[in-house]
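None of the figures in this text is laboratory data; all of them are computed from the coordinates on show. In this text, all values refer to a predicted model and were calculated from it rather than measured experimentally. Cβ placement follows ideal geometry from the backbone for every residue including glycine, while neighbour counts extend to all protein chains displayed.
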Amino acid sequence: MALPLSRCCAWKGRSVFASGALSACGMFNGRRGRQTHPAGFLLGGDSGAGTRSVCHGRALVKEQHLYRKIYLNTTVYKKQNSLLRTPSRLMCTTRTKCCCNQMHSDKQYKDPYTLAQKDLKNLYDEIKQQLAVSSDLKEICDYYFDGKGKAFRPMIVVLMAKACNLHHSNSRELLKSQHSVGMIVEMIHTASLVHDDVIDGSDTRRGKITVNKIWGERKAILAGDFVLSTASVALARLGNNSVVSIFTQAIEDLVRGEFMQLGSKENENERFVHYLEKTFKKTASLIANSCKAVSILGNCGPDVQEIAYQYGRNIGIAFQLVDDVLDFTSSANQLGKPTAADLKLGLATGPVLFACQQSDGVQQTCYLAHQYCQEAIRQISMLHSSPERDALIRLTEIVLTRNK
Amino acid sequence: MSLTLRRMKYGTALAGAFCRSQILHSSSSPSSWAKVVSEAEKIVGYPTSFMSLRCLLSDELSNIALQVRKLVGTKHPLISTARGFVYDSKNNLQLRGLVVLLMSKAAGPSKTADPPLEGDLVSGIYSSQRNLAEITELIHTAFLVHRGIVNIMELTSSHGSLKDMQFGNKMAVLSGDFLLANASIGLAQLQNTKVVELVSSAIGDLVQGVYYENSRTDEEKVTDDILMINWEEQTFLSHGALLAKSCQGAMQLAKHDCEVQEMAFQYGKHMSLAHKAKVNGNQADYAKLHRIIKAGKGVSSSLDLCHYHGNQALEALRCFPTSEARSTLENIVYAVTKF
């Protein structure tokens, strides 16, 4: 497995803990190891603790850059197994070796953004058309659909759709209904962001002032509701009951994820499981369900639907884990949204949770993100080869190495 | 306290709070209103006040209810919204669910459906129609809650502490979202994408209605006709769309033909407009509207605006066969338009 992971970890002897955490998340079959408890970070939100943790985080980043240099300069793949005391079934050398070799050539793995470009170039304009109304409402809707977002989710949807279409019926054409799903997922995602910003009291998002700060909280929430309703109408127009059901499930998960953020758990292991579940509901569920939706619309069977769902789920969780690391270590300028914000809100995210048990929370979170990406690759590799499938594999790398 | 016990404790409290017998404080004619509603509830089979209860008993909302107690003493609208469920404000037509059920019963099973619809009729109503009625109430409630969010920048010290207001906003957003998510799940379970489309669009209408309210056009530039149309359009969006579309949706679920669907829609629309016309009759905004109306467009006073729409609603009912349910729907119109 190619490892240009600028923030990811060395395979240290602490894998015993890692496998413990991983088995807690129910995903791997590692042996449960004993957890060490050095003095960790506080979970509270006062500025003193926050500053301390961020400083520590920055030290860790330096450490990781060092590891990266080592990695890129050595043939680390063979050494991998000897360092890992409890090999998880996913760390099978033969498979990872295969993936590595294939990944050396960039030509084979096209950039996912470029590949999806053609289908997505009018995405935001089309969304704005759906939301065309008069008054302030239009202004607010246009504000976030200005075309400067990453369109991460629609891109995954489009690529997954084509990969599934090819696998099932040898056609790389994107169906109109699948294209709609791309719009729908972006609308639902944006609506949830608008609501989240009100809940968290944020003042910037994507490098701009938030809607709630400009137009007030009330209009912001109602605008979010409007976008959601438009997405629901578009969803209903697809005329497919299963697709409607799975999207409404994703919407419910979004809301429940927000609620989960309100509560907290006593037991450390419970906290971690709680964190992962919340991550799934808030981020991964929407991606997973939209991947499944396009596979349904492409008339694929349950096995392909499951592959699509699992890919979406795993990459979604990895994406959020990396996001939490970035919040912790990056500067606000780079990200376009407030950072250490989670810490200020008293939210227990991956880096913090790990840090409570070990002092290298960032590292462990990266490691976990890496594992989820591995699983995503394993799933998607079961589809027939296609540029889109390869781009989706490449996407996992991008998720792990992004700094924005 | 165990989970079940906690549920029961708050369940009983909530049930008591929402018990319809405490509610009816309609200022115009309490006895006839109460009579109509209690008759209606008998006809459809159960007190509709308990419809949203299942949702309200969930863990999430019980938690919120606990948290919201902290807001007592502040001026956050969430408190008054919550109170509004106990005391029926004369400005709230809290009978959407009931009307949808009555309409379903009045229309009866479809004679034109092919193949005929399967499913049991309880008190003459399909379970999908009952679910739709419940969904309508959920959406209405969610919207009330979301409308009650305050703009932080407009707050004064008399409202309460900033922290409390932000907290109230947070609770309002979450509970509203929760209700909407439940409504969506309910819609999906109807397994009818046409109805999903219809009712989801009503949510969009509600929002647009609020935005229109907030951005009145300069009345000097606008002609009389436009003002009248604006009022009707805007009021329909903010008050009529949900009921009208739900009534139509209930017809769709029973596979009634387009004519029946249209009449159900018209009833819902005109009934809501009549209600709003009566409620707004005393407001200063309507001085100009009165003048237009007096100028004779077929309606000669604001009272008549209310009666006009009331008559339209009655007209729409004529296509339904005579029945108890239909008479009750007529009685509701009379109760609403009575002065």
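With 23 Å as the limit, write out which pairs from A:Lys219/B:Lys170; A:Lys118/A:Lys219; A:Lys213/B:Lys163; A:Lys219/B:Lys70; B:Lys42/B:Lys105; B:Lys35/B:Lys245 have Cα-Cα distances beyond it, or answer none.
A:Lys118/A:Lys219; A:Lys219/B:Lys70; B:Lys35/B:Lys245
Starting from the Cα of A:Lys118, move 7 Å in the Cα-to-Cβ direction to define the label point; list residues of region A:162-190 whose amide nitrogen is under 13 Å from there.
Those under the cut-off are A:162, A:172-175.
With labels modelled as points extended 7 Å from the Cα through the Cβ direction, what inter-label distance (nm, one decimal) is found for A:Arg172 paired with B:Ser32?
7.3
Which FRET efficiency value, to the nearest 0.05, do you get for A:Asn403 and B:Asp257 by plugging their Cβ-Cβ distance into 1/(1 + (r/R0)^6) with R0 = 45 Å?
Efficiency computed from Cβ-Cβ geometry: 0.15.
If you take the beta carbon distance between B:Lys111 and B:Ile185 as r and set R0 to 30 Å, what does 1/(1 + (r/R0)^6) give as a FRET efficiency, to the nearest 0.05?
With a Förster radius of 30 Å, E is 0.40.
State, to one decimal in nm, how far the label point of A:Glu306 lies from the label point of B:Ser157, with both points 7 Å from Cα in the Cβ direction.
Computed distance between label sites A:Glu306 and B:Ser157 equals 6.5 nm.
Quick one: of A:Lys110/A:Lys292; A:Lys121/B:Lys255; A:Lys176/B:Lys111; A:Lys148/A:Lys278; A:Lys150/B:Lys194, which pairs are farther than 29 Å apart, Cα to Cα?
The answer is A:Lys121/B:Lys255; A:Lys176/B:Lys111; A:Lys150/B:Lys194.
Please list 3J(HN,Hα) in residue order for region B:141-156, calculated via the Karplus relation 6.51 cos²θ - 1.76 cosθ + 1.60 where θ = phi - 60°; whole Hz, with x for glycine and proline.
Karplus values, whole Hz, x for Gly and Pro: 4, 4, 5, 4, 5, 5, 5, x, 7, 9, 7, 4, 6, 9, 6, 10.
In nm, give the distance between the simple-model label positions of B:Thr322 and B:Tyr334, each being 7 Å from the Cα along the Cα-to-Cβ direction.
Those two pseudo-labels are separated by 1.5 nm.
Given a Förster distance of 35 Å, report the FRET efficiency between B:Ser58 and B:Val122 from their Cβ-Cβ distance, rounded to the nearest 0.05.
With a Förster radius of 35 Å, E is 0.90.
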